[in-house]
Each structure stands twice: as structure tokens, then as C-alpha cells.
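In what follows, a single structure is set out as C-alpha cells and then discussed.
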Amino acid sequence: MHPPRPFSKIPESKGPAELLRAKIVVHGAVQGVGFRPFVYRLATELRLCGWVLNSSQGVFIEVEGPLHLVQLFVARLEKEKPPLAIVQSLESTFLDVAGYQGFEIRYSDHTGPKTALILPDIAICADCLREIFDPANRRYRYPFTNCTNCGPRFSIIEELPYDRPNTSMRRFKQCLECEAEYHDPLNRRFHAQPNACSKCGPHLELWDKTGQVLSKEDEALLNAAELITQGKVVALKGIGGFQLICTAREDEVVIRLRQRKRREGKPFALMYPALDQVSRDCVVSGLEERLLGSPESPIVLLTRKSAESTIAPSVAPGNRTLGVMLPYTPLHHLLMRELGVPVVATSGNLANEPICIDEIEALDRLKDIADFFLVHDRPIVRHVDDSIARVVCGREMVLRRARGYAPLPVRMKEPLPSVLAVGAHLKNTVALNVGRDVFISQHIGDLETTMALAAFHRTVADLPRLYDTQPELVVCDLHPDYLSSKYAASAHLTVQRVQHHWAHVLACMAENELEPPVLGVSWDGTGYGTDGTIWGGEFLVPAHDSFQRVAHFRQFRLPGGEMAVKEPRRTAVAVLYEICGQSGLEDGGLAPIAEFSKTELGLIRQMLEKGFNAPVTSSVGRLFDAVAALVGIRQQVTFEGQAAMELESLIEPDVTEVYPFELSNGVPQIIDWAPLIGEILVDLRKGISSGVIAAKFHHTLAEIIVEVARQIVAPKVVLTGGCFQNRYLLEQAVQRLSQAGFKPYWHQRVPPNDGGIALGQIAAAARVTHRTVVTEGVQIR
């Protein structure tokens, strides 16, 4: 926490002092960040009279005194605001004096529309961290220590304004010492709504699988650490839900967790006690170090060092990166200080389910996964997963937007009627706009289980209730069978359907505050196209209130439909059949061909010939799968994107070559990947390493983007969709576009994957609402 600004000499006015009152309204994330005590200190330092209060719209202030001091107050208000405060607007009106005596902090005003921003949950600050390890401090080893600069926010608030009675902390009556801090404007815990100590706040307990209490308070934490050291799996109730914790050094323990959680190959996240230990296992840049220790404190994807690591191979099999985070709550810091070694810290759920937030629920859902439960009695209002981010092209890029980021809004250029966007099927988030602010929910996940769908329904109800807003329109994906689309159809509201890849482009445009002309490059695994086929390798430009598909990848069939998504070998066979016909299925030396029996290949050939259960796709994501299968690294996957991740991990440095490709004339232009696949087959016969092939494949994709951009006379190029989670692909594309004279844009605070779709859906609704003609400046050669 920044120390309060020392009193400075008040500037003297020249001549008689003109007395004036300023009425100030501050909109933004200004509640729960120490903004009112900051205002109090500033006003009393300048010897101004008046008041400050929280409201459902933001912070209201009135100050009066000599004109030059009131003007100075307004100038310093935004310039010296608390570090966590986000000021969207500061409106001031000058009026006659009201005759206030002194300056006071008034009780919150609950009336009026709810437009104040809710802050995300924030990692522990340096002051609180110092206190929990100071034996002389009354909060020594208290695992729920917080202040106005840190602690839970979004996970405990029930309604605006952000006051203790409106949070799940209302059940904890503060002791006299905490009460004194809470009401002292000069204390950093002034109106810290989760404020508590060991006398009056939440408490820890260690349970066995039956819910029997084994130990309490600090003893519970120490016992949990000992159990983890012994190889047990402990379910820990954190700030936004449960995590499953076990040692990261013993392969047998990690494999056991995988089996229990039914998570065969997807990498586990790691929590390290301190940065120096992270640096032993991973390459950590200055930006990555800052991100690890930031208030958001996400899981950061880091490149492993080639040296021998003590991390069990089964933590992230086949992957050159590790997902790493540092302790971000007092509970985590205390636990990790006892353990002293990195641990697996993965979400407390079965695969494809939302995380548990209630200890009774956790006993039921996690009883076959966890051996013990470290729980507390502070209720979690809504689930909030750990966020995931990585540094790409020297910038932070969020891949999963939850703790630390949600629900801070993306601000649109113009207000629009209230719209609810229900997102996509995978990596679902929902979004709601209030005026210009688009509030994107925390990560919900894939809508493939009953529990995930229930979490979706809760979140869809939660956002409008929290902001006391009744949507006038619901926006969904074009795919009629998505569960989110079915919800929209049953919502008794006007429904607008938005094509998946167009929503990706609009999300990136909105985040980067872009107006046409732009070329949108939208690549992912799947999305329902306007022609009823599966898209995924798209080049789109804005056209009126919709878009034009100016180019896409050559289409091919997916034998078995969804089975081909789970079996890259099927995609590889389809690609070979598309360019070579029957002869493409006869080379038993190719890994995907060798994976099938003659009977299986015959059935697949019939699917491809007749088009039976073999939908057509233009997906770049599936092309990644095909190449991964051809080079022999992945024939079947256990999670989305696995083949592409492993292909990226294979890339050898210092490779500069590209494969050939062809680009047709006309609109849309067709990118023919047949020459690319043909040359990969040649390289395989030559014995070229899979790492070289992987590098050349990525380089070729970047060159395709540049070549299409040359055909479209628009200087701005947007890179979006799940394929651009691939760091190497994104960096190559950005570099090549920049070298060719284009201005590339990509995602930063909104995920490039389907977690950003809801924002794009609202942006699409805004375009229809405003009926802006946006084709000017775009030409197609």
C-alpha cells in the first residue's frame, strides 16, 4: 500500500478568497479500494468541508472552500487516486456554498441505478503479507487477513453497493478492534468489507471424507501441510472455490490424482512457494515476473528450462510449458511456507464440471478425489476459477478470464440498450452491458455436463440481478444446437444470432477500440458457418451491420464428425484422401494410416466418398490436428487443443523455411493447403525431424495471413480465435505482418478463445443497433 501523502503546504490565494462548492461524481472501480478514506485525507489536508459517500452509481463527493483549493482538490483527485482504483469518469459541477462544517464520510446511498464497478478478487498486498508473518502482530498466521488493497470482492458480493451487509461477510460481527479499524478513515482497513481477525472472522477446519473435524485453526493448516507432504490429496477451499492440492514431485501421486479426477493428459497448474524456485524450473522474463506477482496473480504459462526438473513428468506431459502461479491469499502463503516445495493446485472438480464452492457440496462431489478437506466458513457467493495468462509479443494475454479480472468491463464507444450475450458452447462466458460498460462473467467452462449447464443458468441470472438490469435483447451463437443458443430461444426476449467467427473478430476489435476498415483473421477448431458448414479458417471484413467472408481455407471432410475432433488420425486420413484420393490411404508408413485396420480405413473411405457423417470444414484447428498426426506425435486427444499444443512444443529454433500454398482468385479466395501437406509428406520421407516440420508449418500459416492481407486493402489486421493462443504462431504472424507494413492487433485482457465470444456478440448487437455503415475504405483485389 502506498503511504498516505504527507501534508504539504497549502498554496495561498491572491486577493480575497472566493468560496465555492464542488459537486463531484466519480464512476468506475472506486468501491472497496480505499477511495473514500483517500478523499477524506485529501479534503482534510486542504482544509475543505463537505462529505463523501458510496452509491450504487459510484462515489459522490461535495467539497467547499476557497476556489483555488477546491480546484486543487479536483485536480489531485484523479492524479493521486489509490493504486487499485479505476476512474472511468469524473464529473464536477461548481455551486454556491452550502455551509458544511468539517468533512465527513457518510453512509452509503442504495437508491438509483446500479452502475458502480465491482472489483475482482485481489491478491494479498505487501502490508497484509507482512502482518501474517509478524509474531508481534495480532493477525499473525491468520489466513483471512485483508484490507482495502486486497482480498475477496467479486466472490463475496451479493448486491451493490459494495458494503458489508451486501456481502457474505455480514454473518461475521466484527470485534472491537476490527470495528475501530473499519470506522477509522486514516486506517487502511477503513470500510474494508471483508475485514476480520482470528477473534471474529472466518475459521479453518480440517475434515476427513465423512466431514468429521480432525483439527481447527492453525493446527488444521499444519496438519494439511503434513498430509500433502505424505502424498495425500487435499481439497482446499480458496477464495473463489475449491482446489485440489498434492505434491508436484512424485509421479505416482500426480498420476493417482489424474485417475481420480478423470483428467488423462491436460496439464495441471502448479503453485510455487516463491519466485526463486520458479526460476529454477522455468525461464521467467521481467514481464512474466511482474504478472506472477500482480494483484491479478493468474496462472502464467512459462517455458520450461531444458535442465532436469524436480517436477513430475505427469504434471504436463508432452508440453514445453508449465502453468505456474504464486500464493495469492494469506491461506496459500501460510500453507506454501510450511511446504516449501511446488504443488499441483488444480480446480476442485471432475473433468468438465464447475468448481465446488461449498464445503458440503465438496464432500459429495470430491469424496472420490480428495483424501482430506481444508475448509473455512466464509461463504463463496459465486465460483471464480484461477485465471490463466501468458506473455506474448511483450504483452499480457489472458487465456482464461476469472479471478483478478472478472467482472471488470470492456467499455464501448457508445451506450446501447441492455443486451445479454450467452456466449458459445466451449469455454463459455456470458456478458451483460449497462450503458457503455460490457461486464463479462467469470469463466464458466464447457457446457457439456448438467452441472456446467446449471452454473451457466446461475451466471445468466446473476449478472442482471447484480446490476439490477432487465435485458431487452439476448444474443447467442448461430449454432442452433448449442445449449446457450437453446437458452436464448427460451428466454422470452428478442433473439439475435451472431456467427461464431464474426463474434471473435468483433471481440478483438472492441477490446482494441478499432473501427473499420479491418481484416479479421479468425482461426479455431469449430464454428457454425452461415452456409451450414463448419468454419474455422476465416478471413472476414465488416460489411454494413454484418460481414463479408473474403477468404477461407480449402474445405475437407471430418469422418465421424465429433469422433474426428477427438481422433486427429481421422482428420489426417481425411486430408490425405482430399488431395490424393484412394491412394492417399495406402501408405502404411504414415503414422495415422498405420493406426487403423483395413476394415476401419474402408469404413472411413466410405464416409468420405458418400459424405455420410462427415461434415465439411475449413478449420485451421483441424489442420493442426492433421499435421500432428502425420508427424506421429498425437493420434488421439484427451482434451481440446492437445495435438496443437504438442505440435507447438516440438518446434525447433532457427528454422526459417516455409511450405508452399496456393491462393485462388475471386471472392471468397480459397487457401489451398494441398501443396503444404504434399511437402510435409516429402519431408517425412526424407527423415526431416518433426520439430523442423512443425516450425515450417507455423511459418507457412503466418505467410498465408500476410498474403491474404496483401489482397485486402485494409491496413489493420485482427488476429483472433483459439488458434492464436499458440504463442509461436501469434508472434510469427505479428512479426511478418509488421514487416510487410500492416498493423496487427490481438487480444490482451479478453481471451482469444471462445471465452471472448460473449463480448463479440454484444458488439454485434451494437452494430445492428447503430446501423453504422462500415465498408468504406475496404477494397478486394
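So here's what we get for this one:
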| item | result |
| --- | --- |
| Per-peptide average of other Cβ atoms within 10 Å, ordering 749-759, 98-108, 427-437, 485-495 highest first | 749-759, 427-437, 485-495, 98-108 |
| GLN212 paired with ALA180, simple spin-label distance in nm, labels 7 Å along Cα-to-beta-carbon | 4.3 |
| For the chain, share of DSSP beta bridges that run antiparallel, in % to the nearest 5 | 70 |
| Residue pairs, from the table LYS266/LYS486; LYS209/LYS237; LYS696/LYS716; LYS237/LYS367; LYS232/LYS367; LYS232/LYS261, whose Cα atoms sit over 18 Å apart | LYS266/LYS486; LYS696/LYS716 |
| Signed unit charges on C-beta, dipole axis of the range 522-575, positive-most listed residue PRO559, GLN548, THR530 | PRO559 |
| Dipole moment magnitude, nearest 20 debye, the range 149-252 about Cα centre, only Lys, Arg, Asp, Glu C-beta charged | 300 |
| Between helix 500-511 and the chain: long-axis angle, C-alpha atoms, 0 to 90°, nearest 10 | 40 |
| Per residue accessible area in Å² of the range 79-145, where ligands, DNA and RNA are left out and the probe is 1.4 Å | 53 |
| Size of the chain as Cα extents on the principal axes (Å, biggest first) | 92, 65, 52 |
| Rounded, prolate or oblate (a/c below 1.5 giving rounded, otherwise prolate when a/b exceeds b/c) for the range 76-159 by Cα gyration tensor | prolate |
| About the Cα centre, charge dipole magnitude for the chain (Lys/Arg +1, Asp/Glu -1 at Cβ), debye | 640 |
| R0 of 45 Å, Cβ-Cβ distance SER92-ILE670: FRET efficiency to nearest 0.05 | 0.20 |
| Positive-end extreme of charge dipole, the range 572-675 - chosen from PRO668, LEU650, PRO615 (charges on Cβ) | PRO615 |
| Alpha-carbon centroid distance for the pair the range 403-449 / the range 641-685, whole angstrom | 35 |
| The range 43-191 - charge dipole about Cα centre, Lys and Arg +1 at Cβ, Asp and Glu -1, debye rounded to 20 | 540 |
| PHE133-GLU707 FRET efficiency (beta carbon distance; Förster radius 60 Å; 0.05 resolution) | 0.55 |
| Within the accessible area of the range 504-657 (1.4 Å probe), percent carbon and sulfur | 48 |
| Computed label-point distance, nm, for sites ASP654 and GLU219 using a 7 Å Cα→Cβ extension | 6.2 |
| With DNA, RNA and ligands ignored, accessible area of GLU562 (1.4 Å probe; Å², nearest 10) | 120 |
| Inter-label distance, nm, simple model (7 Å from Cα along the C-beta direction), ARG47/GLN636 | 8.1 |
| Efficiency of FRET from Cβ geometry, LEU275 and THR450, R₀ 35 Å, rounded to 0.05 | 0.30 |
| Sequence ranges 582-588, 710-716, ranked by mean other-Cβ count within 10 angstrom, highest first | 710-716, 582-588 |
| For the range 418-542: rounded, prolate or oblate by the Cα gyration tensor [a/c cutoff 1.5] | oblate |
| Shape category assigned to the range 624-696 from the gyration tensor of Cα positions, a/c cut at 1.5 | oblate |
| Per-peptide average of other Cβ atoms within 10 Å, ordering 645-651, 570-576, 685-691 highest first | 570-576, 645-651, 685-691 |
| Nearby aspartates and glutamates by direct alpha-carbon distance to LYS413 (threshold 14 angstrom, same-chain neighbours under 8 apart not counted) | ASP437, GLU511, GLU513, GLU515 |
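The values are calculated or read from the model by the stated rules, or taken from the named source; none is laboratory data. Quantities reported herein were computed from a predicted structural model and do not represent experimental measurements. So basically every Cβ, Gly included, is an ideal-geometry build from the backbone, and we count neighbours across all protein chains shown. Accessible surface is based on the protein model in full, side chains and every heavy atom, while ligands, DNA and RNA are left aside. Shrake-Rupley method; radii C 1.70, N 1.55, O 1.52, S 1.80 Å.
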